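Notes follow once the structure below has been shown.
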Amino acid sequence: MNYNSIPSPCFVLDEVRFRNNLSLIRDVQDKSGAQIILAFKAFALWSVFPIVREYIKHSTASSLSEARLAFEEMGSPAHTYAPAYSDKEFEELLQYSSHITFNSLAQFEKFYPQTQFYNISCGLRINPEFSDVGTDLYNPCSPGSRLGIVAENLGERLPEGVEGLHFHTLCESNSFDLERTLLAVEKKFGKYFNQIKWLNMGGGHLMTREGYNTDHLIQLIRSFRAKYPHLHLILEPGSAFAWRTGELVSTVLDIVENKGTQTAMLDVSFSCHMPDCLEMPYKPAIRGASDPLDGKPVYRMGGNSCLAGDFVGSWSFDQPLKTGDRIVFEDMIHYTLVKTTMFNGVSHPSIGIWTADNEFRLIREFGYEDYKNRMS
């Protein structure tokens, strides 16, 4: 990929790497017998949904807009789950959903009657009170969590009309994390399995990460299916689809030095364009850079918003940076594109694809009207 031929700033999806991920995911689906669907919360670049549909046919939505996107651009109704549904949106949501999962018994009791006019399968989100996720921000099973129903709040039988259960406990996790979660789910909710038709194992299955044991995942799912052959099993990863499939290309606008700290001022913002770097927090990889090394110039990266904390660092480069140099942040497609904002009205990165024909194709540019129309 020739990064100098790409306009800056720009998110760039690599079609070849993307197809490799999709091929692996389809292979896991075929060999395991579980249905794997795309979670829009992590990846919603609908311009490439025609490519996705070559491998995976369905998706999961967390809102009315995502459900409508599934219906219109994936060409199939969504498996929908939201922490809470509103009267204002629920009737329209029914038009775009094949499955609807409710976060509480109260929400199920309120909205279930409306689903009977549509061919929709309803489920409940459960909370097994177990998760290996170490970051509280991403742990849905922390004490007092608002997500999912704990076992003690369910009776001996599920409410009439509940056809499935849904749990989500993982975040960029491996198959052994899933194995431990399944033991907790079975222990607390296994008595309901003969009352349902499907079990949704949620997202966070990072099967496209290097070193992930897909053979173990496949065998784990096969074994579970053998134990409960009547259950239709569903996995809904998001990051796995777009993991390491693209970059954010940026440019150095200025070099600022203060008390010995050199900051490369960029035409992108961590706050606006890479918010997980500040929320998680984590330090992204930069192509051609490394952690600080003695004898090499060191820079932190500064964003172009006015937020004082809009910076991350530090990295070493082989040569001193100068204005006009390209800074390429790796693995910036999953969860990054969907979280971007236009805070400060800063220029929003364009979106493009590096095609399988080894060419750059610009999908979308953003300008003043995009910012103005969001503000009204």
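We did not get these values from a lab; they are worked out from the coordinates using the rules stated. Fair warning: this is a prediction, and the values are worked out from it, not measured in the lab. Every residue, glycine among them, receives a Cβ derived from its backbone with ideal geometry; neighbour counts consider all protein chains shown.
With the cut-off at 30 Å, tell me which of the pairs K31/K191; K191/K339; K31/K188 have Cα atoms farther apart than that. Walk me through the intermediate numbers first.
Working: K31/K191 27 Å; K191/K339 39 Å; K31/K188 28 Å.
With Cα atoms farther than 30 Å apart: K191/K339.
Given L22, G303, L182, which one lies farthest toward the positive end of the charge dipole of the chain, if we put +1 on the Cβ of every Lys and Arg and -1 on the Cβ of every Asp and Glu? Of the listed residues, the answer is L182.
State the percent of C-alpha pairs, over all pairs in region 33-242, separated by a distance greater than 32 angstrom.
Numbers: 2446 of 21945 pairs.
Of all Cα-Cα distances in region 33-242, 11 percent exceed 32 Å.
Only one residue of I126, G313, G345 has its Cα farthest out toward the positive end of the dipole of the chain, where Lys and Arg carry +1 and Asp and Glu -1 on Cβ, and that residue is I126. Taking 16 Å as the cut-off, the amide N atoms of region 221-259 that come nearer than this to a point 7 Å along the Cα-to-beta-carbon line of N344 belong to 250-257.
In straight-distance terms, cross-link reach from K88 covers every one of the aspartates and glutamates whose alpha-carbon lies under 19 Å from its own, apart from those fewer than eight places away in the same chain; here that gives E66, E109. For F108, F360, what ranking results if the residue with the fewest other Cβ atoms within 10 Å of its Cβ goes first? So the residues, fewest neighbours to most, are F360, F108.
Charge dipole of the chain (Cα centre as origin; +1 on each Lys and Arg Cβ, -1 on each Asp and Glu Cβ, all else neutral): 600 debye, rounded to the nearest 20. Once every Cα of region 268-361 carries one equal point scatterer and solvent is ignored, give the base-10 log of I(q)/I(0) from the Debye formula at q = 0.25 Å⁻¹, two decimals. Ignoring solvent entirely, the Cα scatterers give -1.38.
Springs between Cα atoms under 10 Å define the GNM used for the chain, and in it the highest mean-square fluctuation of G203, G352, G190 occurs at G190.
Let me know the charge dipole size of region 126-200 about its Cα centre in debye, to the nearest 20, where only the beta-carbon of Lys, Arg (+1) and Asp, Glu (-1) is charged.
Working: 7 positive and 11 negative charges, 43 e Å.
Once rounded to the nearest 20, the dipole reads 200 debye.
Qualifying GluC sites (Glu not before Pro) in region 168-220, where qualification requires a DSSP coil assignment and no more than 12 other C-beta atoms within 10 Å, comprise E210. Note on the chain: with a GNM built from Cα contacts shorter than 10 Å, the maximum mean-square fluctuation among I255, I36, I126 falls on I255. Considering only the chain, what is the antiparallel percent among its DSSP beta bridges, to the nearest 5? That works out to approximately 45 percent antiparallel. By the count of neighbouring beta-carbon atoms within 10 Å, fewest first, R68, R374 end up ordered R374, R68. Projecting the Cα positions of L13, S290, H205 onto the charge dipole of the chain (unit charges on Cβ atoms of Lys, Arg, Asp and Glu, taken about the Cα centre) puts H205 furthest along the positive direction.
For D254, D136, the sequence from fewest to most other C-beta atoms within 10 Å is D136, D254.
Select one label from (1) 62, 46, 38; (2) 89, 54, 53; (3) 66, 46, 44: the one whose number is Cα extents along the principal axes in Å as derived from the coordinates shown. Label of the calculated value: (3). With all pairs of separate Cα atoms included, region 246-287 yields a Kirkwood hydrodynamic radius of 11.7 Å.
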